[in-house]
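In what follows, a single structure is set out as structure tokens and then discussed.
Derivation of every value follows stated rules applied to the coordinates shown; laboratory data play no part. For clarity, every value in this text was computed on a predicted model and none was experimentally measured. Neighbour counts are summed over all protein chains in view; Cβ atoms, including those assigned to glycine, are modelled from backbone coordinates with ideal geometry.
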Amino acid sequence: MTRAPLSLKIAAIGGLAFLHIPLLFILLYCFTTEEKSYAFPPPGFTLKWFGVVWGRADIWAAVGLSLKVASIATVLALILGTLAAGALARARFFGREPISLLFVLPIALPGIVTGIALRQAFGLMEIPFSVWTIVLGHATFCIVVVYNNAVARLRRLSPSLIEASMDLGADAFQTFRLVVLPNIGTALLAGGMLAFALSFDEVIVTTFTAGQQSTLPIWMLSELIRPRQRPVTNVVAVLVILVTFLPILAAYYLTRHGEAVAGAGK
Amino acid sequence: MSLASLDLPAPRDGLLRRLSDMLVRRARLLTLLLLLPPLLWLGLVYLGSLFVFLGQSVFSIDEFSGTIVREPTTATLLELFRPANLDILLRTIGISAAVTVLCAIIAFPIAYYAARYAGPRVKAAFYLAVMMPLWSSYLVKVYGWKLLLAKEGAIGWFAGKLGLAGALEAWLALPLVGGPSLSVSYTGMVLTFTYLWLPFMILPVQAALERVPPHLIEAAGDLGAAPGLVFRTVILPLAMPGVVAGAIFTFSLTLGDYIVPQIIGTSALVLGQAVYTLQGTAGNIPLAAAFSLVPILVMAVFLTLAKRTGAFDAL
């Protein structure tokens, strides 16, 4: 293998730096003593904002709601996404292509279209806004993440394994439980984690399907538009990075030997 | 080994077994049963609400009462071509195009290095370095740029230290791309979008580059092509499907976004903001629906063209 030209190396490393430097600045501003502006360099450093966040009830209520919504949406997405993957992984039938397109549609369309459409539908059906309307919105676009992961793994699962299990006397349910599920388990886990991270972070659809409650991203959005104590937002942002980064890292290690390019299309 | 020597438990009996036998024998029924719950959700609830919303673009709004007139008309759709609305559409498409080009330029060296020169360890590190910002919180990333771009923020400070304050001033004084400060200019908005969607460009370009057969490059070299010529005539054309695949993401994501322009950028509306205000404070759902049709149509055209370049194989 030849060595890379220096200019290419610089461009590649510069590009990666571009991807990471803004995140470092968020970390830096967690410790600033200046709370009115984004003055650089920070005039002084303090740890007090971590304490302030700890004492803010509105933040913890938002974190709680986000965790709740993400958990329920993930469970729903796991069930529906696995069913869809099971149906479409190998079967060939009329209408298969449009159906697989339909599963991708919620992330292919702009979030604002999905959001308004769901909001209108809730209005028409006279469903009041609640935790459940947020969950419905989130599950809609989380299904595809689980589906993508599960379908990739199911295609690599040899059909002869299933046939062997049935030849040995297991019925369809036993085969699913004892043969299929252990084989797709890590793919489902990875899909579930990505769905969780996606839901935990979602803001566009949520602005339309949430009533008075605010999830953590909704809280952050209001802080971005009308800032109060700016470093508090930074501390929360760093917490969010940690909460979403760990599942993503885990999902990466669970699927890295497979073809499941988990993140394709957020 | 004869079959008799296999000590297998007898298959269980009963309702569950009969149900299982039926499902195994009728694969189509099984497929249907599996598909039914997700299809009920996405096909009925989701697609249904999409059609109800977008379908209202053929209705119009009564100017006086502000209520929706439920009679088919093309008036609302034609309203998109009024100068003010056309402005919004062209501005948004222009920003999306600029973001896409910038993403391609920044992404290509990263993808090229990772695909052609990096060993397995460096490649894994590159992959994680791209995935981590991709999955970081969207708002957190927007916030990071707000910090950097602010008038008193880091970019201004570094520009001053490096003696580039004059250059920054001159750039901000330019008509279209400038503004009072970076965070209220198109430059800031395009930079933020580029940052947000860059990973979506890197991944497919890298996938396309990795599929360029090495012997093609060797053959071109053997036939006397200089490295620059090999790059232009062999590698670049073969990488194009990846660039197009990435462009699908960067273009469509910018087209529909309404959060970033709210936080960074000028006061002139982009498409997403227009839809947001129309459905909210203005209460003009028909026009909001008509506006929403634009990104869907633009992307449909884009995808049809992209399909011809083979971009879907690079996804």
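Go ahead and run the numbers for FRET between B:Thr233 and B:Lys151, Cβ-Cβ distance against an R0 of 51 Å, rounding to 0.05.
0.65
Please determine, in degrees from 0 to 90 and to the nearest 10, the orientation of helix A:111-124 with respect to the longest principal axis defined by the Cα atoms of chain A, where the helix direction is its Cα long axis.
80
Please give the charge dipole size of the protein assembly as shown, origin at the Cα centre, charges +1 on K and R Cβ atoms and -1 on D and E Cβ atoms. Round to the nearest 20 debye.
840
For region B:186-315, take N as its residue count and report Rg(C-alpha) divided by 2.2 N^0.38 Å.
It is 1.40.
Once you put a point 7 Å from the Cα of B:Leu40 and another 7 Å from the Cα of B:Thr67, both along the Cβ direction, what distance in nm separates them?
If labels sit at B:Leu40 and B:Thr67, their model points lie 3.6 nm apart.
Using Cα positions and a limit of under 19 Å, work out the lysines in reach of B:Lys146, with same-chain residues fewer than 8 apart set aside.
In chain and number order, the partners are A:Lys36.
Give, rounded to the nearest 20 debye, the magnitude of the charge dipole that chain A has about its Cα centre when Lys and Arg contribute +1 at Cβ and Asp and Glu contribute -1 at Cβ.
That gives chain A a dipole magnitude of about 480 debye.
Which value at 222 nm does the protein assembly as shown reach when only helices count, each DSSP H run of 4 or more adding -39,500 (n - 2.57), with the total divided by all residues and rounded to the nearest 500 deg cm²/dmol?
-23000 deg cm²/dmol
As an exercise, use a Förster radius of 35 Å and the Cβ-Cβ distance of B:Leu223 and B:Val101 to find the FRET efficiency, rounded to the nearest 0.05.
E between B:Leu223 and B:Val101, to the nearest 0.05, is 0.65.
Between their Cα atoms, which of B:Lys123/B:Lys307; A:Lys48/B:Lys141; B:Lys151/B:Lys307; A:Lys68/B:Lys123; A:Lys68/B:Lys307; A:Lys48/B:Lys151 are more than 32 Å away from each other?
B:Lys151/B:Lys307; A:Lys68/B:Lys123; A:Lys68/B:Lys307
Going 7 Å from the Cα of B:Ala125 toward and past its Cβ, which residues in region B:91-115 have a backbone nitrogen under 20 Å from where you end up?
B:107-115
Over the Cα atoms of chain B, compute the convex hull volume and normalise it per residue, giving Å³.
It comes to 282 Å³ per residue, whole-number rounded.
Can you tell me the FRET efficiency between B:Arg17 and A:Ala61 if r is taken as the Cβ-Cβ distance and R0 is 41 Å, rounded to the nearest 0.05?
Using R0 = 41 Å, I get an efficiency of 0.25.
So what J values fall out for region B:152-157 if you push phi through Karplus, 6.51 cos²θ - 1.76 cosθ + 1.60 with θ = phi - 60°, rounded to Hz, Gly and Pro as x?
Whole-Hz 3J(HN,Hα) from phi for region B:152-157: 8, x, 5, 4, x, 5.
Peptide A:79-90: average number of partner chain Cβ atoms within 10 Å per residue?
4
Net charge near A:Pro227, counting Lys/Arg +1 and Asp/Glu -1 over other residues with Cβ under 10 Å of its Cβ?
The answer is +3.
What are the extents of the Cα atoms of region B:1-150 along their three principal axes, in Å, largest first?
83, 59, 27
In Å, what is the Rg of the alpha-carbon atoms in region A:13-67, and how long is Dmax?
For region A:13-67, the Cα radius of gyration and maximum Cα-Cα distance read 14.6, 41 Å.
What percentages make up the Cα-Cα pair-distance distribution of region A:57-255 when the bins are 5 Å wide from 0?
1, 7, 14, 16, 17, 15, 11, 8, 5, 3, 2, 1, 0, 0
Could you tell me what % of all Cα pairs in the protein assembly as shown have separations over 38 Å?
36
Which residues among region A:217-244 fall inside the zone where the amide N is under 18 Å from a point 7 Å beyond the Cα of A:Lys68, along Cα→Cβ?
Of the residues in region A:217-244, A:217-220 have backbone N under 18 Å from the label point off A:Lys68.
Quick one: check the C-alpha center-to-center distance for region B:140-194 versus region B:30-65, whole angstrom.
When both Cα centres are located, 42 Å separates them.
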